[in-house]
1. Output the residue which, of all residues in the range 37-55 that are open to solvent by 80 Å² or more (accessible area, probe 1.4 Å) and assigned to a loop (DSSP other than H, G, I, E, B), is modelled with the lowest pLDDT.
2. Would you check if Ala34 is part of a helix (DSSP H, G or I), modelled with pLDDT of 95 or more and exposed (fewer than 11 other Cβ atoms within 10 Å of the Cβ)?
3. What are the pairs with Cβ atoms under 6 angstrom where one residue, in the range 35-55, is within 17 Å of Trp9 (Cα to Cα) and the other, located anywhere, is of a type in the set (Gly, Ala, Ser) and modelled with pLDDT under 95? Sequence gap at least six, or different chains.
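The values are calculated or read from the model by the stated rules, or taken from the named source; none is laboratory data. Just so it is clear, the structure is predicted and the values come from calculations on it, not from any experiment. Every residue, glycine among them, receives a Cβ derived from its backbone with ideal geometry; neighbour counts consider all protein chains shown. Side chains are part of the model used for accessible areas, which takes the heavy atoms of the whole protein and leaves out ligands, DNA and RNA. Shrake-Rupley method; radii C 1.70, N 1.55, O 1.52, S 1.80 Å.
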Amino acid sequence: MSANAATNWSDPGTCPFCGSALATPGAGFVDHLAESPDCASGFEIWRENVAGDLAGEWSG
């Protein structure tokens, strides 16, 4: 997953990094990240980018 790859956060039923359908929003996304190293990497990059915008570290 490229740090510059476009993401689509408009549909909670799909992964914003690859577009795959999720079993469920929320828990399904977490499960998907565990199964997809590319998406997990993209999520970590996204998380690092927004962590500075939030007070303290985001635990989500």
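1. Filtering the range 37-55 for residues that are open to solvent by 80 Å² or more (accessible area, probe 1.4 Å) and assigned to a loop (DSSP other than H, G, I, E, B), the one modelled with the lowest pLDDT comes out as Ala55.
2. Working: part of a helix (DSSP H, G or I): yes; modelled with pLDDT of 95 or more: yes; exposed (fewer than 11 other Cβ atoms within 10 Å of the Cβ): yes.
Yes: the conditions hold for Ala34.
3. Correct list of pairs: Ile45/Ala3.
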